[in-house]
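**Student:** To start, I am sharing the structure in question, which I have written as C-alpha cells.
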Amino acid sequence: MTDEYADIREQVQKLCAQYPGEYWRELDTARAYPTDFVKALTEAGYLSVLIPEEFGGSGLGITAAAAIMEEIQKSGCNGGACHAQMYTMGTVLRHGSDEQKQKYLPGIASGELRMQAFGVTEPTSGTDTLSLRTTAVKNADGDYVVNGQKIWTSRVEHSDLMLLLARTQSKDEVEKRTDGLSVFIVDMREAVGNGLEIKPIRTMINHATTEVFFDDLVIPANSLVGEEGKGFRYILDGMNAERILIAAECIGDARWFIQKATDYANDRNVFGRAIGQNQGIQFPIAESYMATEAANLMVEHAARVYEDGGRAGAEANMAKYLASEASWKAADMCMQTHGGFAFAEEYDVERKFRETRLYRIAPVSNNLVLSFIGEHVLGMPKSY
C-alpha cells in the first residue's frame with residue numbers, strides 16, 4: 001500500500017536523527033524537558049499539521065499527524081513531550097468559536113503559543129471522568145471562578161494554554177450524566193500565581209507531569225469552548241484523537257523495539273553463532289512483528305473514520321488497545337533478546353521499555369477499553 005505521507009515521514013526521520021539516544025539519556029537523567037526538540041518540530045511545522053492553512057497550519061488530517069508521531073517514536077525519540085498540541089486541536093477546531101480560533105491558532109501554529117496541557121483527570125475520580133469535582137461557577141461579572149484539582153496534567157510547565165474540563169452544574173442538577181461539564185481554554189501565563197498552582201510529580205519516566213490546583217482562579221467568559229454543559233461531548237473529540245495518536249506512537253515504539261532486537265539478534269554471537277539463529281530468539285521477534293502490523297491496520301482505519309467525521313469511539317479505543325499491547329509485547333521481547341545488556345542505559349532499551357509501558361494505562365486503561373467494547377459495541381451488561 002502506498003504511503004501518501006512518505007515524504008513527511010522521511011523528513012521527520014531526518015529531524016529526529018539530530019536527537020540521538022545520548023540526547024534523550026541526558027534529559028532522562030536530569031528529568032529535563034526536550035525544549036530544543038519540540039522547538040525544532042514546531043519550526044518545521046509538524047506540530048501544526050492539524051491547524052487549517054488559513055490560521056498558519058498545514059490543514060492536514062489526523063492520518064498525517066499519526067504518521068509524524070509514529071516516526072518520532074520509531075526514531076527512538078519521545079513524542080510525549082509534544083503530542084497534546086495535536087490532539088487538543090480536535091476539540092478546538094470542531095467546537096471553538098471563530099474568535100477563539102483567530103485568537104489562538106495562528107500563535108500555536110507559529111510556535112509563539114504553546115498548547116500542551118490537557119486538564120481532565122482528578123485524584124478522586126480517576127478514569128471516572130463524569131465524577132470530576134473541579135468547578136467553574138459564574139460570578140457577578142459573568143466570568144468563571146474555578147476551584148479544584150487536576151492530576152497527571154503533563155507539560156503544564158511548558159505550555160501557555162490549557163484545555164480544561166470543569167463542572168458547571170452539579171451532578172444532581174442534570175438530566176444526563178454526560179451533561180454539566182464544560183470546556184475552557186485557560187491562559188496559564190495569567191493564571192499562575194493568581195489562583196493556579198503547579199506541583200511537579202516525579203515518575204518512573206521523564207514525562208513532565210504535574211498536579212494542578214485551582215483556588216478561586218478567575219477566567220473570562222470567552223474562555224468557554226462551545227456551549228456550557230456540553231463539554232464532555234466536546235472533549236471526546238480530543239480524546240478520540242488522543243487515542244489514535246497514542247496508538248500511532250505505540251506502533252512507532254514497537255517498530256523501534258523490533259528493529260533493535262533484530263539487529264542485535266543478527267550481530268550478537270554466542271556458542272559460535274548468531275543468537276537470531278535460535279528459534280527461542282527469532283520466533284518472539286517474528287510474533288511481535290505480526291502483532292504490530294495487525295495493530296497498525298486498526299490504527300489506520302481509526303484515523304480514516306475520524307478524518308471522515310464519523311463516530312470513531314470504538315475504532316479509536318480498539319486502535320489504542322491493540323497498539324499499546326503490541327508495543328508492550330515488543331518491549332518485553334526486546335529486553336529478553338538483549339538479556340543483561342538491555343539494562344544498560346547506553347542501549348536505550350530500558351528507557352523505551354519504561355516509556356511505552358505507560359500507554360497500557362493512559363490515556364485510557366486497556367481494561368476500560370475492553371469494558372467499552374463489551375458494553376457499547378457488543379451490547380453486554382455494564383461490567384463495572
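**Student:** Can you tell me which of SER125, SER110 is among the hydroxyl-bearing types (Ser, Thr, Tyr) and touching a helix residue (DSSP H, G or I) at 6+ places or on another chain (Cβ under 6 Å)?
**Tutor:** Checking each option against the conditions leaves just SER125.
**Student:** Within segment 11-30, is even one residue of a type in the set (Ser, Thr, Tyr) and in a helix (DSSP H, G or I)?
**Tutor:** At the first step, the residues of segment 11-30 found to be of a type in the set (Ser, Thr, Tyr) are 19, 23, 29.
Filter again for in a helix (DSSP H, G or I), leaving 23, 29.
Within segment 11-30 (the criterion being of a type in the set (Ser, Thr, Tyr) and in a helix (DSSP H, G or I)), the answer is yes, since at least one residue qualifies.
**Student:** Taking segment 176-234, which residues are assigned to a strand (DSSP E or B), over 16 Å from LEU164 (Cα atoms) and in contact (Cβ under 8 Å) with a residue 40 or more places away in the chain?
**Tutor:** Answer for segment 176-234, where residues must be assigned to a strand (DSSP E or B), over 16 Å from LEU164 (Cα atoms) and in contact (Cβ under 8 Å) with a residue 40 or more places away in the chain: just PRO200.
**Student:** Has segment 170-178 got at least one residue that is in contact with a helix residue (DSSP H, G or I) (Cβ under 9 Å, 6 or more places away or on another chain) and either crowded, with 17+ Cβ neighbours inside 10 Å or aliphatic (A, V, I, L, M) (or both)?
**Tutor:** No - not one qualifying residue is present in segment 170-178.
**Student:** Listed residues ARG189, ARG202, ARG233; which is more than 25 Å from THR91 (Cα to Cα) and surrounded by fewer than 23 Cβ atoms within 10 Å (Cβ to Cβ)?
**Tutor:** Answer to the selection: ARG202.
**Student:** Just checking, how many residues over segment 29-71 are of a type in the set (D, E, K, R) and crowded, with 19+ Cβ neighbours inside 10 Å?
**Tutor:** Looking only at that region, the number is 2.
**Student:** Also, I was wondering about something else. Return yes or no: is ALA319 in contact with a helix residue (DSSP H, G or I) (Cβ under 8 Å, 6 or more places away or on another chain), among the small types (Gly, Ala, Ser) and within 23 Å of LYS260 (Cα to Cα)?
**Tutor:** no
**Student:** May I pose another question? In segment 91-103, which residues are under 26 Å from GLN11 (Cβ atoms) and surrounded by fewer than 24 Cβ atoms within 10 Å (Cβ to Cβ)?
**Tutor:** Filtering segment 91-103 down to residues under 26 Å from GLN11 (Cβ atoms) leaves 92-93.
Within segment 91-103, just LEU93 meets the criteria.
**Student:** Among residues belonging to segment 146-169 that are assigned to a strand (DSSP E or B) and of a type in the set (D, E, K, R), point out the one that is surrounded by the most Cβ atoms within 10 Å (Cβ to Cβ).
**Tutor:** So, considering only residues that are assigned to a strand (DSSP E or B) and of a type in the set (D, E, K, R), the one surrounded by the most Cβ atoms within 10 Å (Cβ to Cβ) is LYS150.
**Student:** How many of the residues making up segment 69-98 are of a type outside the set (A, V, I, L, M, F, W, C) and assigned to a helix (DSSP H, G or I)?
**Tutor:** Keep residues of segment 69-98 that are of a type outside the set (A, V, I, L, M, F, W, C), which gives 70-71, 73-76, 78-80, 83, 85, 87-88, 90-91, 94-98.
Restricting the remaining residues to those that are assigned to a helix (DSSP H, G or I) gives 70-71, 73-74, 79-80, 85, 87, 90-91, 94-95, 98.
Final tally of qualifying residues: 13.
**Student:** Between residues in segment 33-60 that are under 24 Å from ARG304 (Cα atoms) and residues that are of a type in the set (Val, Ile, Thr) and part of a loop (DSSP other than H, G, I, E, B), which pairs lie under 9 Å by C-beta distance while being six or more apart or on different chains?
**Tutor:** If the second residue must be of a type in the set (Val, Ile, Thr) and part of a loop (DSSP other than H, G, I, E, B), the pairs left are GLY57/VAL49; GLY57/ILE51; SER58/VAL49; SER58/ILE51; GLY59/VAL49; GLY59/ILE51; LEU60/VAL49.
**Student:** Hey, another quick one. For ALA295, are the conditions met, namely being within 18 Å of the chain's Cα centre (by Cα), closer than 21 Å to CYS77 by Cβ and either touching a residue at least 24 places away in the same chain (Cβ under 8 Å) or not assigned by TED's automatic domain parsing to the domain that holds GLY276 (or both)?
**Tutor:** yes
**Student:** For the condition under 30 Å from ARG357 (Cβ atoms), acidic (Asp, Glu) and touching an Asp or Glu at 6+ places or on another chain (Cβ under 9 Å), what is the one hit in GLU157, GLU197? Steps first, answer last, please.
**Tutor:** Numbers: GLU157 fails: touching an Asp or Glu at 6+ places or on another chain (Cβ under 9 Å).
Matching residue, one of GLU157, GLU197: GLU197.
**Student:** Farther than 12 Å from PHE118 by Cα and surrounded by 22 or more Cβ atoms within 10 Å (Cβ to Cβ): is that true of LEU181 in this structure?
**Tutor:** yes
**Student:** Out of GLY142, GLY79, which single residue is surrounded by fewer than 20 Cβ atoms within 10 Å (Cβ to Cβ), touching a helix residue (DSSP H, G or I) at 6+ places or on another chain (Cβ under 8 Å) and either at positive phi or touching a residue at least 60 places away in the same chain (Cβ under 8 Å) (or both)?
**Tutor:** Just one listed residue meets the conditions, GLY142.
**Student:** Has segment 279-287 got any residue that is in contact (Cβ under 8 Å) with a residue 24 or more places away in the chain, within 28 Å of the chain's Cα centre (by Cα), surrounded by fewer than 16 Cβ atoms within 10 Å (Cβ to Cβ) and over 13 Å from ALA241 (Cα atoms)?
**Tutor:** So far as segment 279-287 goes, yes, one or more of its residues are in contact (Cβ under 8 Å) with a residue 24 or more places away in the chain, within 28 Å of the chain's Cα centre (by Cα), surrounded by fewer than 16 Cβ atoms within 10 Å (Cβ to Cβ) and over 13 Å from ALA241 (Cα atoms).
Per-residue answers, yes or no, for (1) within 20 Å of HIS83 (Cβ to Cβ); (2) surrounded by fewer than 20 Cβ atoms within 10 Å (Cβ to Cβ); (3) over 16 Å from the mean Cα position of the chain (by Cα); (4) not assigned by TED's automatic domain parsing to the domain that holds GLU287:
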position	(1), (2), (3), (4)
ALA323	yes, no, no, no
ALA330	yes, no, yes, no
CYS334	no, no, yes, no
VAL349	no, no, yes, no
ARG360	yes, yes, no, no
ASN366	yes, yes, no, no
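**Student:** From the residues in segment 140-166 that are more than 15 Å from the chain's Cα centre (by Cα) and of a type in the set (A, V, I, L, M, F, W, C), which one is farthest from LEU217 (Cα to Cα)?
**Tutor:** ILE151
The values are calculated or read from the model by the stated rules, or taken from the named source; none is laboratory data. Nothing here was measured: the structure is a model prediction, and the numbers come from that model. So basically every Cβ, Gly included, is an ideal-geometry build from the backbone, and we count neighbours across all protein chains shown.
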